[in-house]
Amino acid sequence: MANSRLILIGTVHADPRGYARAWDLLRHLRPDLVTVEISPFSLRYRQRHGARWQRQLSLALAQLPAGAGGHLAIQRLAAQVALPFEVRAARDYSRGVGIPWRPLDLGDPARRHLPRYGPELLSPANLATLLTTPDGSLDEYVAAEFRRGRLALAHSSRRLWCADSSETLRRERLLARRLRKLACRYARVAHLGGWEHLVGGPDSPGLWHDLQDLHPRRVLLDEAEAVFPEV
């Protein structure tokens with residue numbers, strides 16, 4: 001790890017322990033730059049509308065049976081409309097140690113999806129529908145996602161997580177180019193993003209394929225304690 005200029009950290013976006021895990025790992029890695037899988041547009045939009053989304057979520061939950069907020073699907077939705085823990089960890093760490101952080105993703109997906117959060121995603125009708133889906137533990141869901149990540153990383157040449165598309169491929173390759181440029185400018189770059197983007201082979205999207213020659217280190221966020229016992 002000491003010789004890795006680029007470290008790709010795979011996350012599960014709804015991880016309730018994500019902020020603490022990311023903070024501890026960044027503190028151990030001591031990067032010169034932290035990048036996050038979020039676009040500048042998404043960051044600005046979330047900052048502008050986040051408080052309204054939280055009020056809307058509270059009002060919608062008030063119309064549902066008691067305890068609805070504890071349903072797995074509702075907890076995942078709440079994480080989806082909150083400022084991602086990856087952003088908060090990168091921002092707070094950078095402020096604390098005086099290094100930069102950057103939102104690195106493309107804005108097109110956010111421009112399509114974020115405006116739908118208020119009228120569609122957070123509507124009482126949608127929340128009521130989510131209550132009809134299978135329930136479960138958020139911790140167990142996150143642990144299962146990390147297990148999927150480990151399986152996918154062990155078989156990177158297989159398409160275990162999504163179907164290829166021209167848009168996905170374009171996004172992955174652009175992110176890889178941006179990370180490559182930054183890795184040439186900074187002694188150590190830590191990138192926080194969904195574990196799916198760490199998977200890829202010659203015929204499938206993924207940052208890994210286009211960055212292999214840089215020999216980046218890939219680590220799943222839930223493995224931080226095992227990889228670095230002092231974290």
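Checking each residue in region 77-91 for being crowded, with 17+ Cβ neighbours inside 10 Å and of a type in the set (D, E, K, R) picks out only GLU86.
Taking the listed residues GLY149, GLY136, the one that is in a loop (DSSP other than H, G, I, E, B), within 30 Å of GLU223 (Cα to Cα), of a type in the set (Gly, Ala, Ser) and in contact (Cβ under 8 Å) with a residue 12 or more places away in the chain is GLY136, with no other qualifying. Of the residues screened, LEU114 is one that is aliphatic (A, V, I, L, M), on the phi < 0 side of the Ramachandran plot and in contact with a helix residue (DSSP H, G or I) (Cβ under 6 Å, 6 or more places away or on another chain).
Across region 125-155, what is the number of residues that are out of contact with any strand residue (DSSP E or B) (no Cβ under 9 Å at 6 or more places or on another chain) and at pLDDT below 95? Qualifying residue count, region 125-155: 5.
In this structure, does ALA66 turn out to be farther than 30 Å from LEU179 by Cβ, out of contact with any His (no Cβ under 9 Å at 6 or more places or on another chain), surrounded by fewer than 14 Cβ atoms within 10 Å (Cβ to Cβ) and not acidic (Asp, Glu)? In short, yes. Being at pLDDT 95 or above, among the small types (Gly, Ala, Ser), crowded, with 19+ Cβ neighbours inside 10 Å and under 20 Å from the mean Cα position of the chain (by Cα) is a property that does not hold for SER94.
Put simply, of LEU104, LEU122 the only residue that is within 30 Å of LEU29 (Cβ to Cβ), surrounded by 17 or more Cβ atoms within 10 Å (Cβ to Cβ) and either among the charged types (D, E, K, R) or touching a helix residue (DSSP H, G or I) at 6+ places or on another chain (Cβ under 7 Å) (or both) is LEU104.
The values are calculated or read from the model by the stated rules, or taken from the named source; none is laboratory data. Keep in mind that what you see is a predicted model, and the values were worked out from it rather than measured. Don't worry about glycine lacking a Cβ; one is built from the backbone with ideal geometry, like all the others, and counts go over all protein chains shown.
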